[in-house]
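All remarks here apply to the structure that follows.
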Amino acid sequence: MVTNRRRDGPARALWAYGYQLAPPVARNRLESMQAILDSGQAEARERAEVWEGRFINGDHITHILIVSGTPAQDREINHRLEAELEQLEAGYSVSASLKVVHDARRRSGDARLPGPLS
């Protein structure tokens, strides 16, 4: 019998934190930031680590959400993000890392559990 290790594996901790941009920055000014987020994700995949960053909100970005396999915020990718924000003269603050449990056993059709955030 073959088991699906991903679905049967134990829950693992993920960490989430965010950069809040104040004032909001127009999305068209953030192309360089998108490139940094993309490279951070690619680098994490190469090392079989978890790290993903996304812009939150619409045309005027107010947040960058980071999900990582570690609560550390002093990684090289963070330094690159912060240097670029300073280059853009974008004011920002960073929230504390919050632990989020990722349960690989959950299925999207499981009616007992809440669905994804919208």
**Asked** What are the ³J(HN,Hα) values, in whole Hz, obtained from phi via the Karplus relation 6.51 cos²θ - 1.76 cosθ + 1.60 with θ = phi - 60°, for each residue of segment 86-94 in sequence order, with x given for Gly and Pro?
**Response** 5, 4, 7, 6, 9, x, 7, 9, 10
**Prompt:** Amide H to amide H under 5 Å from V50: which residues, 5+ apart in sequence or cross-chain, H placed 1.01 Å off N in plane?
**Reply:** G69
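Can you tell me the relative contact order of segment 18-69? Whole percent, Cα pairs under 8 Å, sequence separation 6 or more.
On the way: 69 pairs, mean separation 23.2, N = 52.
Computed over segment 18-69, the figure is 45 percent.
Where a number appears in this text, it was derived from the coordinates with a stated rule and is not lab data. Just so we're clear, the structure is a prediction, and the values are computed from it rather than from any experiment.
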